[in-house]
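The values are calculated or read from the model by the stated rules, or taken from the named source; none is laboratory data. Keep in mind the model is a prediction, meaning the values are calculated, not measured. Methodologically, a virtual Cβ is constructed for each residue, glycine included, from the backbone with ideal geometry; neighbour enumeration extends over all protein chains shown.
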């Protein structure tokens, strides 16, 4: 029996070697696919992330400076390890969006055994700028409403009237708490004027906000006074409407809209306002300053259908 088995092994050894060789080739092929596929995936993710970062950097300069937008995007793509020769950036005709397309050849490793030397990698990203909507906590919205035809840029303006000057008894004061809760009053108004909206809801096109009755003199003076003092204490310069610290508390975001009945203000867009002087008391509780643009709101959404008053959100859209 032993002699018979030895004879069979000797006679089949050539076939076994062939099978082993074929198995090794198959195993190496699988290794090539796994290793090169993994390397290609990692390189593709790197290119995609680099493109995202580049267009998000570039869109910060839009719509005002498309040339700077391209330069910034090119700088960021290089910082993230992508050669400029492998990427193309383009700005839309309306200067509201920037697109980045990466197209490069990725070197293969084990796949070279099978004659596959490179693999084409592509990545696409697009970011856009547009009128901001869905503003929530930390976006700087204050409890004052204005009408669209009251917005005039580059000159001193009154944001809130004093006692006896409001139209039909409304002085521009809003109860931002009414978005999620009916509770309002002087303390709520002063809180939102001092710190900006920090409630649980969002404010955007179509949001209904209850008016606050009366002049809100005390809350107005204390809230604006706090912002002016904080600017003096913390800002890196003497802020003006033309030159201000990006974090300046004198810069506020104001809902723009209309009164749809005697109680409800309907939001249609937003405008930025730079506060100038501390209000007086009583009938002199007037908020003055200048409407300014453009201003960016991190974390907000873009709504291209609403009125463009220069308050923008910048988002990655592709």
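The rows are residues; the columns are (1) touching a residue at least 24 places away in the same chain (Cβ under 8 Å); (2) under 18 Å from residue 52 (Cα atoms).
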residue: 82; (1), (2): yes, yes
residue: 88; (1), (2): no, yes
residue: 91; (1), (2): yes, yes
residue: 120; (1), (2): no, no
residue: 123; (1), (2): yes, yes
residue: 127; (1), (2): yes, yes
residue: 137; (1), (2): yes, no
residue: 142; (1), (2): yes, no
residue: 151; (1), (2): yes, no
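Just one of (1) in contact with a helix residue (DSSP H, G or I) (Cβ under 8 Å, 6 or more places away or on another chain); (2) in a loop (DSSP other than H, G, I, E, B) fails for residue 226. It is (2).
When you scan segment 273-313, how many residues do you find that are assigned to a strand (DSSP E or B) and either closer than 17 Å to residue 205 by Cβ or assigned by TED's automatic domain parsing to the domain that holds residue 57 (or both)? Steps first, answer last, please.
Taking segment 273-313 first, the residues assigned to a strand (DSSP E or B) are 273-275, 287-292, 295-296, 301-302, 311-313.
Within this subset, residues satisfying the condition of being either closer than 17 Å to residue 205 by Cβ or assigned by TED's automatic domain parsing to the domain that holds residue 57 (or both) are 301-302, 311-313.
Here the count works out to 5.
The one condition from (1) touching a residue at least 24 places away in the same chain (Cβ under 8 Å); (2) within 21 Å of residue 143 (Cβ to Cβ) that residue 261 does not meet is (1). Selection of segment 192-203 for residues being surrounded by fewer than 20 Cβ atoms within 10 Å (Cβ to Cβ) and under 18 Å from residue 160 (Cα atoms) yields 194, 195. Screening segment 84-149 for strands (runs of 3 or more DSSP E) wholly inside it with 1 or more residues that are under 28 Å from residue 34 (Cβ atoms) returns the ranges 97-107, 118-133. Output the residue which, of all residues in segment 41-70 that are under 17 Å from residue 95 (Cα atoms) and without any contact (Cβ under 8 Å) to a residue 12 or more places away in the chain, is surrounded by the fewest Cβ atoms within 10 Å (Cβ to Cβ). Selected residue: 67. Residues considered: 221, 206. Of these, the only one that is surrounded by fewer than 21 Cβ atoms within 10 Å (Cβ to Cβ), out of contact with any helix residue (DSSP H, G or I) (no Cβ under 7 Å at 6 or more places or on another chain), at positive phi and not in a strand (DSSP E or B) is 206.
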